[in-house]
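Let me begin by presenting the structure, written as structure tokens, before commenting on it.
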Amino acid sequence: MEGTAERIVKIEGFTVACDMPHAAGNALRTFTRRSSLLLRLTTAGGLSGWGESWAFPDASGAFIRKMLAPAVLGASVTNPRKLHAEMLRRVIPDRRGQAHMAISAIDLAAWDALGRALQRPIHALLGGALRDSVTIYASGPLLPAGADRYEGFRTAVEGYAKAGFSAVKIRVASEMRAGEAAIRQAREILGPDRQLMIDLNEGSTFHDALTLAHRVADMDLRWIEEPLRHDDLPAYRALAERMPVPLAGGESFCGVEAFRDPVAQRTLDILQPDLALCGGFTEALRISGLASAFGVPVIPHVWGSAINVLAALQFCATIAHPDGGRPLPLLEFDASYNPLRSVLLDPKPSSDGTIAVPDGPGLGMEIEIDRLAQYVTDHWVVE
């Protein structure tokens, strides 16, 4: 298939951003604005593909223009893995940070373009879907910045239950008593049959996280996510030996090497790579293979725009999960205010708490950037 028409001739970046209704966040930080980098690759034959990186959109855009563009322009979308390898060769000094975030956007876009060229969904290109629907869980609400970090909490969780979510992940602030009360309130609202998870967003301490886990051991938590700073592996290993609830993490890990020690040392029970940060589909395949060898489930972290949601959904269709336990994988749905996603995609769970995996070409649906026009704050082109 490879020919002139499949060669990449244009890289476009669209920084999209929106103001939040009010300052909110998690145990570690609050914010008033959210943003992301959406990236479009275009081939000589007019094919296009979309990718995303959300953590540092301006830095990722600059990195792509200055460092990665020479490897991308002229490359064929028929071999995303080869393109990925060439990009990695150019970023040897930075193999666990900004480089992988920038590479993620290009890799996602390359796979999307290949899928559109072949008229196949990405999950088919990755070896085939193991399922045609995925359980979706509500992730929220954000914690208001005011004195009452749980203002509106009950209403939000009740809304998730009414919307049909069979699983919910709540954010928990650092104050232990209020956090315990919120967990118990969420379980009361959701009942015994829905899955409940909590996210401490790296905002706790070893002692407090362990104490909280034991105090809510009767709440049947599916997992506790990132109680400590994500790179404090010795603390996670010690915590894992004492924790009565599974530990989840990995959204801030970039590249498969960053996941190696947590998996080998059994510091995380669930891995959560973010496809828009970890290195895209190509790197996620390696991470999934590593996890599978150790029997560790993979549940992608999802933030940003509709593109990352679609990428995670395609990937979830292909993930093999360990035998036994509760059905996996799950798809994270950011339930907070996010027009960067909802303008293009606003999925609702079906009666069984799942959403269908799109089977259209590439990511599964067309990305109409014009619908995001009011949120585009910067647009650049490299040819």
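Okay, here's what the table says:
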quantity: Surface accessible to a 1.4 Å probe, per residue, for the residues of the stretch 294-383, Å²; calculated: 39 Å²
quantity: Label zone at ASP193, where the point sits 7 Å out along the Cα-to-Cβ direction: the stretch 307-347 residues whose backbone N lies under 16 Å; calculated: 327
quantity: Degrees separating the helix 80-89 axis from the principal Cα axis of the chain, which is the longest one; calculated: 80 degrees
quantity: Kirkwood Rh, angstrom, the stretch 207-350 [1 / mean 1/r, Cα pairs]; calculated: 15.9 Å
quantity: The chain, accessible surface, carbon-and-sulfur percent (1.4 angstrom probe); calculated: 49 percent
quantity: Taking only Cα atoms of the stretch 137-289, radius of gyration then Dmax in Å; calculated: 15.7, 44
quantity: For the stretch 72-116, convex hull of alpha carbons as volume per residue, Å³; calculated: 62 Å³
quantity: Hull volume in cubic angstrom per residue (convex hull over the Cα atoms of the stretch 294-383); calculated: 153 Å³
quantity: Net charge over other residues, Cβ less than 13 angstrom from the Cβ of ILE224 (K, R count +1; D, E count -1); calculated: -3
quantity: Mean shadow area of the chain over all directions, Cα convex hull, nm²; calculated: 17.3 nm²
quantity: Globularity ratio of the stretch 88-147, using Cα Rg and 2.2 N^0.38 Å; calculated: 1.70
quantity: D (Stokes-Einstein, µm²/s), Kirkwood Cα radius, the stretch 49-97, 1.002 mPa s at 20 °C; calculated: 182 µm²/s
quantity: Mean separation of Cα contacts under 8 Å, 6 or more apart, over the residue count of the stretch 120-240: relative contact order %; calculated: 21 percent
quantity: Accessible area, probe 1.4 Å, largest first, for residues LYS10, LYS348; calculated: LYS348, LYS10
quantity: At q = 0.12, 0.17 Å⁻¹, base-10 log of I(q)/I(0) for the stretch 8-131 (Debye sum, equal scatterers on each alpha carbon); calculated: -0.50, -0.87
quantity: Angle between the chain longest axis and helix 153-163 axis [Cα atoms, degrees, rounded to 10]; calculated: 60 degrees
quantity: Helix-only [θ]222 nm of the chain, DSSP H runs n ≥ 4, -39500 (n - 2.57) each, per residue, nearest 500; calculated: -10000 deg cm²/dmol
quantity: Nearest 10 degrees, 0 to 90: helix 280-293 Cα axis against the chain principal axis; calculated: 50 degrees
quantity: Cα pair distances in the stretch 62-180, grouped into 5 Å bins until the bin that holds the longest one, percent each; calculated: 2, 9, 14, 11, 9, 10, 11, 14, 11, 7, 1, 0
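The values are calculated or read from the model by the stated rules, or taken from the named source; none is laboratory data. Just so it is clear, the structure is predicted and the values come from calculations on it, not from any experiment. Ideal geometry is used to build each Cβ from the backbone, glycine not excepted, and the neighbour counts take in all protein chains shown. Note: accessible area is taken over every heavy atom of the protein model, side chains too, but ligands, DNA and RNA are not part of it. Shrake-Rupley method; radii C 1.70, N 1.55, O 1.52, S 1.80 Å.
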